[in-house]
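The values are calculated or read from the model by the stated rules, or taken from the named source; none is laboratory data. As the structure is a prediction and not an experimental result, all values here were calculated from the model. Neighbour counts are summed over all protein chains in view; Cβ atoms, including those assigned to glycine, are modelled from backbone coordinates with ideal geometry. For accessibility, only protein heavy atoms count, side chains too; no ligands or nucleic acids. Shrake-Rupley method; radii C 1.70, N 1.55, O 1.52, S 1.80 Å.
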Amino acid sequence: MKVEMGIWEHLFGKLNNTNRYEHPLPAGFNELTKRAIELIGRDSGGMENEQLHEHLIANGISSFEAGEFIIFLPTVFCRKLLPELDWPLSYVDCYSEKRKIKRRYLDNIRYVVMQEETEKYWKAAPNNKWVLNIAGRSAEFNAINQLLNNGGKLEDVRLTELYVVR
């Protein structure tokens, strides 16, 4: 019997023999992204990441893809919400203290599709609550919000690369 570990399995899951995750992009990833936007935007208020991960799985999104949506979709939305900021072009996948891989966002096909679907969503009169529910899950949004609440200004924001602990 296999026990589903949810987001923890996604982050700390087994590496294959080549020490890389190998998850081909599933057919219909654009549709999955639209579904994730709906589920996270509409339903995620008050949910912790583990609860959201389970919710996405219960609504037909695989465990791996659910984890990727939880990590990257909020960042995509935050970047769209605040385009005037100088956003880093890369992030760091951290597999261990010694194994960190710098990756360009535009080399991550999932991120690119999420970005494309976010653009389409934005053009179709987005629901403000959904936008905040999604963008508000990002580390960047929370750091920027804290800076502004402490009297800082948006022009004071300096962003560094996102670290994704795998």
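Within the range 110-117, is even one residue open to solvent by 60 Å² or more (accessible area, probe 1.4 Å), more than 12 Å from the chain's Cα centre (by Cα), more than 15 Å from Arg35 (Cβ to Cβ) and not charged (D, E, K, R)?
no
Across the range 134-166, what is the total count of residues that are of a type outside the set (A, V, I, L, M, F, W, C), in contact (Cβ under 8 Å) with a residue 12 or more places away in the chain and open to solvent by 60 Å² or more (accessible area, probe 1.4 Å)? Walk me through it before giving the result.
Quick first cut of the range 134-166, residues of a type outside the set (A, V, I, L, M, F, W, C) only: 136-138, 140, 142, 145-146, 149-153, 155-156, 158, 160-161, 163, 166.
Those still in the list that are in contact (Cβ under 8 Å) with a residue 12 or more places away in the chain too: 136-138, 140, 158, 160-161, 163, 166.
Narrowing the set further to residues that are open to solvent by 60 Å² or more (accessible area, probe 1.4 Å) leaves 158, 160, 163.
Selection size over the range 134-166: 3.
Under 17 Å from the mean Cα position of the chain (by Cα), of a type in the set (Gly, Ala, Ser) and under 19 Å from Leu39 (Cβ atoms): does that describe Ser138?
Yes.
For residues that are of a type in the set (A, V, I, L, M) and over 24 Å from Tyr91 (Cβ atoms), tally how many sit in the range 115-159.
Adding up the residues that qualify gives 2.
Just to be sure I understand, how many residues within the range 52-97 are over 10 Å from the mean Cα position of the chain (by Cα) and β-branched (Val, Ile, Thr)?
Qualifying residue count for the region: 3.
If you check every pair at least six apart or on different chains, which have Cβ atoms under 9 Å apart with a residue in the range 105-127 that is closer than 16 Å to Glu65 by Cβ and without any contact (Cβ under 8 Å) to a residue 24 or more places away in the chain first and a residue that is part of a helix (DSSP H, G or I) and open to solvent by 30 Å² or more (accessible area, probe 1.4 Å) second?
Partner pairs satisfying both residue conditions: Val112/Leu106.
Scanning the range 37-65 for residues that are over 18 Å from Ala139 (Cβ atoms) and among the hydrophobic types (A, V, I, L, M, F, W, C), which turns out most open to solvent (accessible area, probe 1.4 Å)?
Ala58
What residue, among those in the range 81-104 that are touching a residue at least 24 places away in the same chain (Cβ under 8 Å) and part of a loop (DSSP other than H, G, I, E, B), is nearest to Ile40 (Cα to Cα)?
Leu82
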